[in-house]
Amino acid sequence: MKARGAVLFEPGKPLEICELDVAPPRAGEALVKMAAAGVCHTDLHVMQGKFAAPLPAVLGHEGSGVVAEVGPGVTSLRPGDRVVPLWRLSCGKCEFCRRGKPALCPEGTRMRNTGRLPDGTSRLSYRGREVMHYAGVSTFCEYSVIPEAALLKLEVDVPLDRAALLGCAVVTGVGAVTHAARVQPGDSVAVFGAGGVGLNVIQGAASAGAATLVAVDLRDDKLDLARQFGATHAVNAYNESTVETIRSLTGGRGVDHAFDAVGSPSTARQAFDVLARGGKLIVLGISNEPVSLPLAPMVFEERQVLGSFYGSGRPREDIPALAAMYRAGKLNLDRLLTHRYPLGRINEAYAALERGEVARGVVVFD
């Protein structure tokens, strides 16, 4: 079949909207008609060449859709099912899956690194040339063939444009609070970056009962939004001395948990410097740049530095729980989704993301 998709042919170039050939699903796979796909910094890093990926590829990893067709042997899905792609497939059998760390499964890593599905081939092509599946899901395509093991059936009625956000921004941010930091009622928290992931850290920490919750960003409009998601204080890092301000807000003590949702050497260092004794720095933003941190506070004050990937939990369990929270009015997805774009304007969507103008945007498909 033919389907339009956003293809990255080489780093530093815009995404190209191409009419692709999409082969039918094979054993253990499903064809998904995409409804919405999230506009995320992870794809932007690949577009900019900061992170390598096999190219050409249809990008996109956050999304939602409806199953159109299933291949042989598929038992958990049928046409018409509403689904969220899981962009880090897990085998369910390796040591990481057994330990409750499915995002670290080597099978998901292999798919990310090769751009091919588990059988070592692609279902996408353009003018006879093989096109890769980004993260095994390629949500920036009208139709995408995805392994059954990388699809989560939605049992809770959530609008599909909001459901798309559950698959990355929401599970990553809220999961980091719940599984990595384990924020407790009364704790103090600082969140660096009030974009899509950072806002979910904020609402996750607020839901966990954080007493002091400081949002840090360079834009006042993002900080206003952070307050709506539960921040008790807002610090504009462009205008204020961030470390001194946060320590002043906590009576000089520092915070129990600091989250770096930006992923830069400067934000990581500031987040580390605002920690209280025994505090945790949770890094969610990604970068290949080195970070310089002093060892003495790690020893004498037992400050900890942790990475958090895909929410540090079990997406197959966490995403349904988050969907139920949304339906119960305990999770704000409606305000999180600030922009919708047709596929043909996807490069505009990424330009707006790079300028910091959106909380979370999605590409919507007809």
TODO: Could you work out, for segment 172-309, what percent of all Cα-Cα pairs fall into each 10 Å distance bin, beginning at 0 Å and stopping at the bin that holds the largest distance?
DONE: 14, 50, 33, 3
- [ ] Have a look at 44, 89, 293 and tell me which one the Gaussian network model of the chain (Cα, springs below 10 Å) gives the largest fluctuation.
- [x] 293
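Any idea what the dipole of the chain comes to, in debye rounded to 20, about its Cα centre with Lys/Arg Cβ at +1 and Asp/Glu Cβ at -1? Before the final figure, lay out the partial values.
Working: 40 positive and 38 negative charges, 132 e Å.
It works out to roughly 640 debye.
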- [ ] Between 117, 151, 249, find the one with the highest GNM mean-square fluctuation for the chain; connect C-alpha pairs within less than 10 Å.
- [x] 249
Task: Order of 217, 366, 334, 187 - criterion: other Cβ atoms within 10 Å of each residue's Cβ, fewest first - done: 366, 334, 187, 217
TODO: Give the order of 168, 105, 91 when sorted by the count of other beta carbons within 10 angstrom, beginning with the fewest.
DONE: 91, 105, 168
Open item on the list: Past the 37 angstrom mark, what percentage of all C-alpha to C-alpha distances in the chain do you count?
Closed with: 18 percent
Task: Residues of type lysines that residue 101 reaches as a straight line, Cα spacing below 23 Å, ignoring anything fewer than 8 places off in the same chain - done: 93, 153, 280
- [ ] Report the residue, chosen from 29, 354, 62, that carries the largest GNM mean-square fluctuation when the chain is represented by alpha-carbon nodes joined by springs under 10 Å.
- [x] 354
Task: Percent of Cα-Cα distances greater than 14 Å, calculated over segment 167-238 - done: 50 percent
Open item on the list: How much of the DSSP bridge set in the chain is antiparallel, in percent, rounded to the nearest 5?
Closed with: 55 percent
Task: Calculated diffusion of segment 278-366, Stokes-Einstein form, Kirkwood radius summed over Cα pairs, 4 °C and 1.567 mPa s, µm²/s - done: 77 µm²/s
Open item on the list: Using a 10 Å cut-off around each Cβ, can you sort 146, 282 from fewest to most neighbouring Cβ atoms?
Closed with: 282, 146
Open item on the list: Given the -39500 (n - 2.57) contribution per DSSP H run of 4+ residues, what per-residue ellipticity at 222 nm results for the chain, rounded to the nearest 500 deg cm²/dmol?
Closed with: -7000 deg cm²/dmol
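Where in segment 184-259 are there chymotrypsin sites (Phe, Trp or Tyr not before Pro) that are in a DSSP coil and have at most 15 other Cβ atoms within 10 angstrom of their Cβ? Please list the in-between numbers first.
Details: sites: 192, 229, 238, 259; in loops: 229, 238.
Filter output for segment 184-259: 238.
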Task: Hits among aspartates and glutamates - C-alpha to C-alpha of residue 13 under 18 Å, sequence gap 8 or more where chains match - done: 43, 348, 354
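Bear in mind these aren't lab numbers, they're just calculated from the coordinates by the rules spelled out. All values derive from a computational prediction rather than experimental measurement. Every residue, glycine as well, gets a Cβ built from its backbone with ideal geometry; the counts of neighbours run over all protein chains shown.
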